[in-house]
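Everything below concerns the one structure shown next.
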Amino acid sequence: MVNWLILHCCLWLMPGNTDTLPQYTVNSLEGRRIDFKRPGHKAWEHCREIKPLHAPWEQRKEGDTRFRAGYDSQYFYFRFLVTDNLLVSVDNNTEIAVAKGDRVEMFFSADTTLREYFCFELSPYGKVLDYKAAYYRKFDDTWDLEGLEVSAAPHAKGYYVSGRMPLRFFKTLAGREGSMKGAAVYAGVFRAEKSSEQETAGFTWFSWVTPRAASPDFHIPSAFGIFRF
């Protein structure tokens, strides 16, 4: 039994073992001239939707989080639509303050070893915490993605966060020089919902993929699926 478990874990970490991973197709938006700052822009309809993110470590199904993404020759575009009746945000100018309140998150990696991966945590007001990491939980918060643009705002039922990243970031991850068509990267899509405004209040953690962990943890290989372009 022990030998089987070791083999299973080793196979999971192998970059080529992708058959059982959840997959999301990032549709091309070439020629559609998307306005990423408008969450209702018609071009978003041409992007597939992940809905809703789920809370793997809790029984309740409360809340609704929907994600779409697309790309063209220059940018990767993303949009989160979040239902949330209480927005919690820490009002200061430090990046790390984003991690103390409600937020949506995206992680990207070239492979499932997570020897190097990149994290983006985004508040309902458009504040950004971006950093580079290495397994396990070795964080470099001095790293920033040049060219990242984010638009976000609260609304009556929650908030939206949308934005764009330079496509060259994904080309580097995928080892591509030309078109991203047919390329793939490993990705996680998450949300953190704080239960109250009290500083010590806990979070409900939502995810696209169900991580293989007894307690909340997105910084592990099993929290990632595949984005195919």
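Quick notes
- Among the residues of the stretch 77-98, the ones that are in contact (Cβ under 8 Å) with a residue 60 or more places away in the chain and either within 27 Å of K42 (Cβ to Cβ) or hydrophobic (A, V, I, L, M, F, W, C) (or both) come to 11 in all.
- Tally of residues being within 17 Å of F67 (Cβ to Cβ), of a type outside the set (K, R) and either at pLDDT below 95 or not in a loop (DSSP other than H, G, I, E, B) (or both) across the stretch 215-229: 4
- Taking the stretch 43-101 as the range and being surrounded by fewer than 17 Cβ atoms within 10 Å (Cβ to Cβ), β-branched (V, I, T), at pLDDT 95 or above and closer than 21 Å to L129 by Cβ as the test, only I96 passes.
- Some residue of the stretch 53-72 being under 24 Å from M180 (Cα atoms) and among the hydroxyl-bearing types (S, T, Y): yes
Condition check ((1) within 23 Å of A97 (Cβ to Cβ); (2) among the aliphatic types (A, V, I, L, M)) across all residues:
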{"position": "D130", "(1), (2)": "yes, no"}
{"position": "R168", "(1), (2)": "no, no"}
{"position": "F190", "(1), (2)": "yes, no"}
{"position": "E193", "(1), (2)": "yes, no"}
{"position": "Q198", "(1), (2)": "yes, no"}
{"position": "P211", "(1), (2)": "no, no"}
{"position": "P216", "(1), (2)": "yes, no"}
{"position": "P221", "(1), (2)": "no, no"}
{"position": "I226", "(1), (2)": "no, yes"}
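- Residue count, the stretch 53-91 (criterion: of a type in the set (F, W, Y), farther than 24 Å from F229 by Cα and in a strand (DSSP E or B)): 0
- Test: residue in the stretch 92-104 that is in a strand (DSSP E or B) and within 27 Å of F229 (Cβ to Cβ): yes
- Hey, T172 farther than 26 Å from K51 by Cα and modelled with pLDDT under 95 or not: no
The values are calculated or read from the model by the stated rules, or taken from the named source; none is laboratory data. A quick note: this is a predicted structure, and the numbers were derived from the prediction, not measured. Methodologically, a virtual Cβ is constructed for each residue, glycine included, from the backbone with ideal geometry; neighbour enumeration extends over all protein chains shown.
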